[in-house]
Amino acid sequence: MKILDKYFTAFPGESPVFPLAMLIQGLLFMLGLWGCLAIYNATMYAVSPFYFVGRQLLWLVLGMGLMMFCARIPFSVYRDNVELLTVLFYISLLAVLIFGVRINGMKGWFMVGNIFIQPSELAKGFFILALCHFGGKFRPGMRRFAGMALITLLWVLPIALQPDFGTVLVYIAGFIIVYWLMNGSFWHLLLVPATLFSIAGWIINFNPYLLNRILGYLCPELDPLGFGWHIRQFQFTLARGGLWGMKWGKALWANSYLPLAHSDSVFASLAESLGFMGTFPVIVVMGILVFAVFRLSLKAETEFRKVFVLSIGLLFAAQALIHISVNVTLMPATGITLPVLSYGGSSLLSTLISFGIMLSAAGRHETISSSKVNYNQE
Amino acid sequence: MENSTDNFKIRALQLLWCILIWAILASCWLFYYSVFARQKYMELGNKIAVRQGTYYAGRGRILDKNDRVLAWSEKYFDLYLISSEEDQNIRNMALHKVMEILPDAAFHRVKDSDFLLKREISPDKIIELEPLLTKFPDLKILPRTERKVVDYAEVRNYIGRVEFKDGNQHGVSGIEKDYDSILAGTCGIYEVMLDRHKNWVQGTWLLKRKAISGNDVKLDVSLEEIKKN
């Protein structure tokens, strides 16, 4: 750790070698470019092969700008307006159920001209901010757990009604991360899977379709052309990739059989083209990014900021791992993007804006009156 | 402060370990399918998607003693709507789009939910239709080979008929039957990957056996003699 401290410090001017903030921004940009290549690879045989990659590149440039802009805004601006931001984002989640458009069976997008905006993606970073803020207001213990769980429940309810269960899963992961970092009890957290399994069991009882999907995940060979179809296709796609991949642009199986090869299945389509040796580095780079965020969180001045900074990094990791786990059939199929790499302006901008706010929280653009400010005081 | 920072660090590291274990598990799964069990899943996948087919060899022509062509084969392309679902809206939308390119296209029911929209499409129209085939996977352009004979009843009887069998034309009566072994040739064999709509995936066509065209047959009678008899 001492050696790492020597080489990784928070911001320019403090660092003798390499500022962490620059490393994080550089890695995000690199992953974004990697994503553009992955999207092009997955849509090469489409009618307009440059349509998706062109738009994604535009979003990436805009997102990088927004990240830098958000990082420059003093963190106190976000913190002081957290109630307003929470209400605004919550209204957008409710409004999309009424005014939104349905895409791939989910009513989760606003349509502005020919641009689609997904509020549940954009709200992720602000949800973490709200959870950190309101969580600190509850007395530690069961009361804090119940309060934060209630906020999460209210937040995910409109998303579950879209229905977008993949995103619900990410928000629940966000709740677990924030609660745990705020000295949450392990025993309280056990209530989360217990509740989730009970609700899932209750829903499955009334919905045989979901039961078949779970059976299809557990034993795809029982119904390879029906409920086991998606799991089977992921397995075949990865197998075609092998160790070194088919060839760049040869994501033929992903293009022909996988749903949304450029967004929800982008990791599998990348695995088909580049093989294990080409996709494993994506996991490694994401790991380095999360570790850099961890190191950065230790530099933050107050506990509130530490929790917020690390939660953003871990939420990014959790979403990435849910996507990868679905794509490698470690988890049942659910639609979720691979942050920064998958196609989608809302997903990309949401991640980069969250990282911008995170960099602001870790920075020292404002004076904190006392270095001994604790979590609840800030 | 010191205690709280240490506590945060410990909890953060615990979460990082969870993430690391999850990442290792996902990587192991990836390795299993890409390397360890690759062969098994490749074979299973190929059973679903890879198909072998035969392609027409080209039947030889039948000439009279003056080298006038009496029978020959011609290839045409027809546009079909082979619908898996009886969805009238999708069908009408597809036809509407097709009619922008082929104004005289119309529904002619072939089977339960299969419709012939237009026979004998020209190559330039096929190129124009290509984007529509991606948008409406139920639209299909299917090749058809027709055996043509000079338009005299006596000649048609004398030359005889052909039928399609195993991807090739075979004579079933008249000269076509008598000289079938010379005229027929050998079908080519190819392998191709199909997508979930059973359309060919671009760039996957693989030649397994080259087709050998049939030879021409020259008769020792002339067209006029056949007409007289």
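Numbers below:
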| item | result |
| --- | --- |
| Any hit, the stretch B:18-37, residues being at the interface with another protein chain (Cβ under 7 Å from one of its Cβ atoms), more than 28 Å from A:GLU221 (Cα to Cα), buried (at least 17 other Cβ atoms within 10 Å of the Cβ) and more than 39 Å from the chain's Cα centre (by Cα) | yes |
| Which numbered condition A:LEU33 misses (of (1) surrounded by fewer than 17 Cβ atoms within 10 Å (Cβ to Cβ); (2) modelled with pLDDT under 90; (3) assigned to a helix (DSSP H, G or I); (4) away from chain B (no Cβ under 14 Å)) | (2) |
| Flag if B:ILE126 is closer than 15 Å to B:ILE141 by Cβ and outside any helix (DSSP H, G or I) | no |
| Looking only at the stretch A:273-317, and only at residues there that are polar (S, T, N, Q) and within 24 Å of B:ILE24 (Cβ to Cβ), the one that is farthest from the other protein chains (Cβ to nearest Cβ) | A:SER273 |
| In the stretch A:294-303, the residues that are crowded, with 24+ Cβ neighbours inside 10 Å and of a type in the set (A, V, I, L, M, F, W, C) | A:LEU296 |
| Residue in the stretch B:42-59 that is of a type in the set (Gly, Ala, Ser), away from every other protein chain (no Cβ under 13 Å), free of Cβ contacts under 8 Å to residues at least 60 places away in the same chain and surrounded by fewer than 17 Cβ atoms within 10 Å (Cβ to Cβ) present | no |
| Within the stretch B:129-159, considering residues that are more than 30 Å from B:LEU63 (Cα to Cα) and among the β-branched types (Val, Ile, Thr), the one surrounded by the most Cβ atoms within 10 Å (Cβ to Cβ) | B:ILE141 |
| All helices (runs of 4 or more DSSP H) inside the stretch A:44-161 with 1 or more residues being under 16 Å from A:ILE172 (Cβ atoms), in contact with a helix residue (DSSP H, G or I) (Cβ under 8 Å, 6 or more places away or on another chain) and of a type in the set (Asp, Glu) | A:119-122 |
| Residue match in the stretch B:102-117 (condition: surrounded by 12 or more Cβ atoms within 10 Å (Cβ to Cβ) and within 14 Å of another protein chain (Cβ to nearest Cβ)) | no |
| Flag for A:GLY136 being more than 19 Å from the chain's Cα centre (by Cα), within 24 Å of A:MET106 (Cβ to Cβ) and small (Gly, Ala, Ser) | no |
| Meets criteria (at pLDDT below 95, surrounded by 20 or more Cβ atoms within 10 Å (Cβ to Cβ), out of contact with any Phe, Trp or Tyr (no Cβ under 6 Å at 6 or more places or on another chain) and away from every other protein chain (no Cβ under 14 Å)) for A:ALA21 | no |
| Residue list for the stretch B:183-208, filter: surrounded by 13 or more Cβ atoms within 10 Å (Cβ to Cβ) and away from chain A (no Cβ under 14 Å) | B:LEU183, B:ALA184, B:GLY185, B:THR186, B:CYS187, B:GLY188, B:ILE189, B:TYR190 |
| Strands (runs of 3 or more DSSP E) wholly inside the stretch B:133-218 that include at least 2 residues being under 16 Å from the mean Cα position of the chain (by Cα) | B:139-149, B:188-193, B:206-209 |
| Residue check for A:MET111: closer than 25 Å to A:GLU303 by Cα, more than 14 Å from chain B (Cβ to nearest Cβ), surrounded by fewer than 17 Cβ atoms within 10 Å (Cβ to Cβ) and of a type in the set (A, V, I, L, M, F, W, C) | no |
| Residue check, A:LEU270 assigned to a helix (DSSP H, G or I), more than 10 Å from every other protein chain (Cβ to nearest Cβ) and over 19 Å from B:LEU25 (Cα atoms) | no |
| Single condition B:MET93 does not satisfy, out of (1) assigned to a helix (DSSP H, G or I); (2) more than 8 Å from chain A (Cβ to nearest Cβ); (3) free of Cβ contacts under 8 Å to residues at least 40 places away in the same chain | (3) |
| Residue within the stretch A:330-337 that is buried (at least 22 other Cβ atoms within 10 Å of the Cβ), under 12 Å from the mean Cα position of the chain (by Cα) and part of a loop (DSSP other than H, G, I, E, B) present | yes |
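The values are calculated or read from the model by the stated rules, or taken from the named source; none is laboratory data. Just so it is clear, the model here is predicted, and its values are computed rather than measured. Please note: Cβ atoms are built from the backbone with ideal geometry, for glycine as well, and neighbour counts cover all protein chains shown.
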